[in-house]
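One structure is given below, encoded as structure tokens.
The values are calculated or read from the model by the stated rules, or taken from the named source; none is laboratory data. Being a predicted model, the structure only gives us computed values, none of them experimental. Every residue, glycine as well, gets a Cβ built from its backbone with ideal geometry; the counts of neighbours run over all protein chains shown.
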Amino acid sequence: MAKKKCNDAPWLATFADLMSLLMAIFVLLFAMSTLDAHKYEAIVKSLTHTLGHGSDLTQTQVQYFKQADELRKSDQNLDGETRIEHLKPLYESLVETFAMASQQSDVQVSLDPKKKRVHISFPESISFPTGRAELKPGFAVYLNKLQPYVNQHARLQAVGHTDKRPVTGGRFKSNWELSSARAAAVIQKLILDGLIQPRQAEVIGVADTSPLSLAETEEGYAMNRRVEIIIEPNYFNENEVDAPN
């Protein structure tokens, strides 16, 4: 008795597996990055034209990714609102604290909800003598006021800023050295006073690359000479990094 011939092409199974893998790759890429639905539609059209599929599958896939993109944007907006709510108590308390310490409102406090941190800007007039990196005696009083707001989960960055005029005389050869030395002096003071551990600290000197004012006047230069302390209150929790002991 003759055997019945099988008309199924054996390559179809392999082809189906390849299509499944291709779809898995697209899903993985979507999960790892922000996907523009229009770009995805163009990619899928190109692939389906090459592979010989119809347009129905393309439209289904595009619609799925459009909905997923809208959901992602909605989650991002909600996350931004949540970040602000979590930072508000810290921000408002710091504003009140430094408003009481400085009747002239020299200290500026601002929110950065996107990066989940608070900035505190101290002008040179209360922090350092001109052209030097030794803390003014009264500046320690301001730094000590940070103690209630810093715990083992927080990370602190000190960022030194200068004006655009070159350094003349003294031990610093450039504004880069001066701004870095001032930031280091702030962190060293916080560590010596026991407010933070070395692992929680970061020193940054940016010289005159991030000015507050572009005016080439004494007032404009004074605004740019400052040191910032940036507090990320939950850095070690949210980044799954072991907190300092």
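Restricting the stretch 109-126 to residues that are more than 24 Å from Arg199 (Cβ to Cβ) and in contact (Cβ under 8 Å) with a residue 24 or more places away in the chain, the residue that is surrounded by the most Cβ atoms within 10 Å (Cβ to Cβ) is Glu124. One residue stands out in the stretch 82-97 among those that are modelled with pLDDT of 85 or more and of a type in the set (Asp, Glu): the one that is nearest to Lys145 (Cα to Cα), namely Glu96. Among residues of the stretch 149-172 being charged (D, E, K, R) and touching a residue at least 40 places away in the same chain (Cβ under 8 Å), the one that is surrounded by the most Cβ atoms within 10 Å (Cβ to Cβ) is Arg155.
Do we have any residue at all in the stretch 173-182 that's in contact (Cβ under 8 Å) with a residue 40 or more places away in the chain, aliphatic (A, V, I, L, M) and touching a helix residue (DSSP H, G or I) at 6+ places or on another chain (Cβ under 7 Å)? No, the stretch 173-182 has no match at all. Residues of the stretch 183-229 that are of a type in the set (D, E, K, R), closer than 18 Å to Asn144 by Cβ and under 23 Å from the mean Cα position of the chain (by Cα): Glu228 alone.
Against the criterion of being modelled with pLDDT of 80 or more, within 28 Å of Gln197 (Cβ to Cβ) and surrounded by fewer than 13 Cβ atoms within 10 Å (Cβ to Cβ), Glu134 qualifies. For the stretch 137-172, taking the residues that are of a type in the set (Gly, Ala, Ser) and over 18 Å from Pro123 (Cα atoms), the one that is nearest to the chain's Cα centre (by Cα) is identified as Ala154.
Taken as a whole, the condition of being in the same structural domain as Ser110 (by TED's automatic domain parsing), β-branched (Val, Ile, Thr) and in contact with a helix residue (DSSP H, G or I) (Cβ under 7 Å, 6 or more places away or on another chain) does not apply to Ile187. Of the residues Thr168, Thr162, the single one that is more than 22 Å from Tyr91 (Cα to Cα), touching a helix residue (DSSP H, G or I) at 6+ places or on another chain (Cβ under 6 Å) and in the same structural domain as Glu232 (by TED's automatic domain parsing) is Thr162.
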